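Right, one structure below, let's go through it.
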Amino acid sequence: AEIGPLSTIFLFGLFWLAITGTLFVFCVLGTLGFVPFKWEGEIASWYVPVLATAFTGAFAAIGVLLIGIPMFAILKSQNSVHAITDARIISVFTGYGRGIEAVPLSALNFIRRRDRRNGTGSLSIGYGITKDSDDDPRPLTFDWSGIPDVRRAERLKRENAKWVR
């Protein structure tokens, strides 16, 4: 099985949160007085555990965000409807982050299919190129997941794209 980018983010987020979350809990316990904070053998001033809690809390929040990113993507994909017409590809998103994305079929660059054993799968449809912060080219894509008959969907997209060109 292939590990996708969202799975990688989730796994790294779990690792990150396991480390920073543990430190954060100990800092909170030190701030509340359950665990003594010692500095050079003596009990530290009250602001040392407070500063340590604030510092580690920021890193623990990053771990929570890393775990939440794939969850948000899953929720968004469950509230999505995709369509292909004779002229364009359309994605409609409902719920939080609702909107419509439409691209003419003549703009398609590539279609990449990922199959599962039961015939379902996902499509990644490239429709342009943009530059990232390092000025490297990055493809603009629609990523459609959970397609019941992914082979048929890919065939329809390829046939319609040929018709337009």
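Selection within region 46-56: residues that are open to solvent by 60 Å² or more (accessible area, probe 1.4 Å) and out of contact with any helix residue (DSSP H, G or I) (no Cβ under 6 Å at 6 or more places or on another chain). The member of this set that is modelled with the lowest pLDDT is W46. Does region 77-84 contain at least one residue that is within 21 Å of the chain's Cα centre (by Cα) and aliphatic (A, V, I, L, M)? Among the residues of region 77-84, at least one is within 21 Å of the chain's Cα centre (by Cα) and aliphatic (A, V, I, L, M), which makes the answer yes. When region 43-78 is filtered for residues that are polar (S, T, N, Q) and out of contact with any Phe, Trp or Tyr (no Cβ under 6 Å at 6 or more places or on another chain), the ones remaining, listed by number, are S45, T53, S77, Q78. Here are the criteria: (1) among the polar types (S, T, N, Q); (2) open to solvent by less than 80 Å² (accessible area, probe 1.4 Å); (3) under 17 Å from the mean Cα position of the chain (by Cα). Tell me which single one T120 does not satisfy. Only one criterion is unmet by T120, namely (3).
Checking region 5-23 against the condition returns no match, with no residue being open to solvent by less than 60 Å² (accessible area, probe 1.4 Å) and outside any helix (DSSP H, G or I). Within the set Y96, Y127, the sole residue that is at pLDDT below 85 and of a type in the set (F, W, Y) turns out to be Y96. Residues of region 74-103 that are in contact with a Lys or Arg (Cβ under 9 Å, 6 or more places away or on another chain) and surrounded by 12 or more Cβ atoms within 10 Å (Cβ to Cβ): N79, I84, I89, V92, F93, A102, V103. Against the condition in contact with a Gly (Cβ under 6 Å, 6 or more places away or on another chain) and either surrounded by 11 or more Cβ atoms within 10 Å (Cβ to Cβ) or charged (D, E, K, R) (or both), how does P139 come out, does it pass? In short, yes.
For I67, are the conditions met, namely being in contact with a helix residue (DSSP H, G or I) (Cβ under 9 Å, 6 or more places away or on another chain), open to solvent by 60 Å² or more (accessible area, probe 1.4 Å) and over 30 Å from A153 (Cβ atoms)? Answer is no for this residue. Right, T85: of a type outside the set (A, V, I, L, M) and modelled with pLDDT of 95 or more or not? So T85 fails the test.
In this structure, is L32 within 21 Å of R113 (Cβ to Cβ) and open to solvent by 60 Å² or more (accessible area, probe 1.4 Å)? Here the answer is no, as L32 does not meet what is asked.
The values are calculated or read from the model by the stated rules, or taken from the named source; none is laboratory data. Just so you know, these numbers come straight off a predicted model, no measurement behind them. Don't worry about glycine lacking a Cβ; one is built from the backbone with ideal geometry, like all the others, and counts go over all protein chains shown. Only protein heavy atoms, including side chains, enter the accessible area calculation; ligands, DNA and RNA are left aside. Shrake-Rupley method; radii C 1.70, N 1.55, O 1.52, S 1.80 Å.
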